[in-house]
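Written below as structure tokens is the structure these notes are about.
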Amino acid sequence: MYALVEFKGKQYKAEKGASLRVDRIDAEPGDALEIDSVLLLSRDDSPDAVTVGAPYVPGARVSATVESHVKGDKIIVFKYKPKKDYRRKQGHRQQYSIIKIEDIKTGDSIGA
């Protein structure tokens, strides 16, 4: 079983037991999260058990736990204009949170 969820403006494929790297959230490691913006639900028992929300699947929720906070790779932003003595070097390192998907609760539409 998997679900496509929208979290902080981005879409992720959530499977039970999987870890997702999302943009940093204001939560301590060990805190629980409930994501109710589920865009699609799919069950493994039959190929017809796919529910697409409009825009969200009613009653569907994904439970997750914050595992840790990490930093991404360093990205160098270098601006340069030839013959004009213009050079700007800037670095960026995005912060992420690792969340672990604990459970996917289906809504009324699939009937789990």
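Computed from the coordinates by the stated procedures, all read-outs in this text should not be read as laboratory data. Just so you know, these numbers come straight off a predicted model, no measurement behind them. Counting neighbours? That spans all protein chains shown, and the Cβs are built from the backbone with ideal geometry, glycine included.
For Ile98, the shell of other residues with beta-carbons less than 11 Å away shows a net charge of +2, using +1 for Lys and Arg and -1 for Asp and Glu. Here the label points at Lys16 and Glu34, each 7 Å from Cα along the C-beta direction, are separated by 1.9 nm in the simple model. At an R0 of 30 angstrom, the distance between the Cβ atoms of Lys89 and Ser63 translates into a FRET efficiency of 0.10. Restriction of the chymotrypsin sites (Phe, Trp or Tyr not before Pro) in region 20-112 to DSSP coil positions whose beta-carbon has at most 16 other beta-carbons within 10 angstrom yields Tyr56. In this simple spin-label model, placing a label point 7 Å from the Cα along the Cα-to-Cβ direction at both Lys81 and Glu6 gives a separation of 4.0 nm.
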